[in-house]
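What follows is a single structure, written as structure tokens, with notes after it.
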Amino acid sequence: NWLHIMVVYPLGCLVCYQLVPRVVEICMQTKLPWRCTVLWPLVASAVTTILMLVLVIFTGVYPLPFSQVLRSLNYLDLPLLWLCLPRDIRSRPQAKLRFLWSISMPLSLSCIFCLAYPMLNVWLQSRDDLGHCIIVALTFLGARWAFEFINICILNRLGPDYQPTIVWIAEIFYQVALCDFFMSVQYWQVILVFISVDITENLYYFYCFHAQTRARREKQQRAQQGVTRTCSGTTIGMRLSSSSKSSLVRSTTSLSPSLSTGPELNDSIAVCVVSSMLLRATADLLVPIQFLMILGLLRYAPSAQYNNWVSQGQLSRTSSYLAFNVLIELLFFVTVCCILHYRGMRPLPLLRGAIAASGVSMYVTCLTTALTWYASLQLVHDGCDFDFNFEWVH
């Protein structure tokens, strides 16, 4: 118990809080100092751990029921993060507004993925008929689409350059929540619903890319014929900053100069769409593989009896779901790469450029944060009891 209180719980808080300054760093378009990326997560994790200890001492109950929820609700340290920003960054025009929009992403993540989705899992386990499972699955997808609507609002304020980063964060958390959701699913029909929706969404990205590139070609043809005159600095009806190119375009071009030669990738909006499509496909493939490896290790771990993922006794069925999902996502990823290569693009260098544009650390931090959060929901020491009996309290 003391090992959990003094080591495991603070480390879990530290990993989860690492994502907040990374998102702020990208939205503020600057490199944050160590006091923001290192010191602030340490202080925030210490405050959360102390708050948990105070509640344990005050109530006399350990484990504290759903103690990891404090990680989502404790945003008392966000004003401190603002004060940790360099003075020249805080004095920029619209700095406060961009900071508020940047922290709206972790706040929405906490509300939808960290609080609402576990409750949907409880709702799923309340009954075991197929109709009930499909209704819960559709609600699960509806919450995800609500989060994407919030992302659209954020993109409208911050600009299209942030689309790949926001898409990656949303897709990683969704896929981790989905793999956790698979632990309680008993029907293959529900799995097929989720896979069909994922493929449909990726096909929608294909459609957006095709529509944008076709509109640009038609616009260029009209300009050559003298029918219309285009203004410099416009891209498919959206004005971008004329003072600098997109950081994503610079990264992909520097990694692969041939990427910018085709008409499809001369537009930063098209680059964002293709990069988002590749990042989605990568997340859809990476997370199930990671879960398969974790479940394989937990099966033989001495602490398996304290983890709900293993103690549920459904490892074989869940592993088959995940393996089938990996197979479908791998096939789709290869198909995406082949289609992009057929259209004269180099998908893997473009994917590498998209990751380099925001920094590898941000993508790794997002993946570890999502996994740490949902893994903590399975620990008995964190007071997780989805039957809401809380026998140790009585």
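Keeping every protein chain in place, order GLU148, GLU25 by accessible area at 1.4 Å, biggest value first, i.e. largest first.
Descending accessible area places them as GLU148, GLU25.
Using a 1.4 angstrom probe, figure out how much accessible area region 1-155 has per residue, in square angstrom, rounded to the nearest whole.
48
Post the alpha-carbon centroid distance, region 341-389 to region 162-204, in whole angstrom.
Each part reduced to its Cα centre gives a spacing of 13 Å.
For a test of the definition: using alpha carbon positions, the gyration tensor, and the 1.5 limit on a/c, classify region 1-107 as rounded, prolate or oblate.
Because a/c hits 1.5 or more and a/b exceeds b/c, region 1-107 counts as prolate.
Let me check something: with ligands and nucleic acids excluded, how do LEU55, LEU285, LEU322 order by accessible area (1.4 Å probe), largest to smallest?
Accessible-area ranking of LEU55, LEU285, LEU322, largest first: LEU55, LEU285, LEU322.
Give me the extension gain from LEU51 to GLU148: residue separation times 0.36 nm, minus the current Cα-Cα distance, reported in nm with one decimal.
Length gained, LEU51 through GLU148: 31.7 nm.
So what does VAL360 come to for accessible area, using a 1.4 Å probe and Å² rounded to 10?
The value for VAL360 is about 90 Å².
Of the accessible area of region 1-92, with the probe set at 1.4 angstrom, what percent is carbon plus sulfur?
With neighbouring chains kept in place, the figure for region 1-92 is 73 percent.
Each label point is 7 Å from the Cα along the Cα-to-Cβ direction; what then is the distance between the points at SER319 and TRP123, in nm?
Rounded to a tenth, the inter-label distance reads 3.2 nm.
Could you please put ARG222, ARG280, ARG22, ARG90 in sequence from largest to smallest accessible area, using a 1.4 Å probe?
ARG222, ARG90, ARG22, ARG280
The values are calculated or read from the model by the stated rules, or taken from the named source; none is laboratory data. These numbers come from a predicted model, not from an experiment. As a convention, Cβ positions derive from the backbone with ideal geometry for all residues, glycine included, and neighbour counts pool all protein chains shown. In case anyone asks, the SASA skips ligands and DNA or RNA and just uses the protein heavy atoms, side chains included. Shrake-Rupley method; radii C 1.70, N 1.55, O 1.52, S 1.80 Å.
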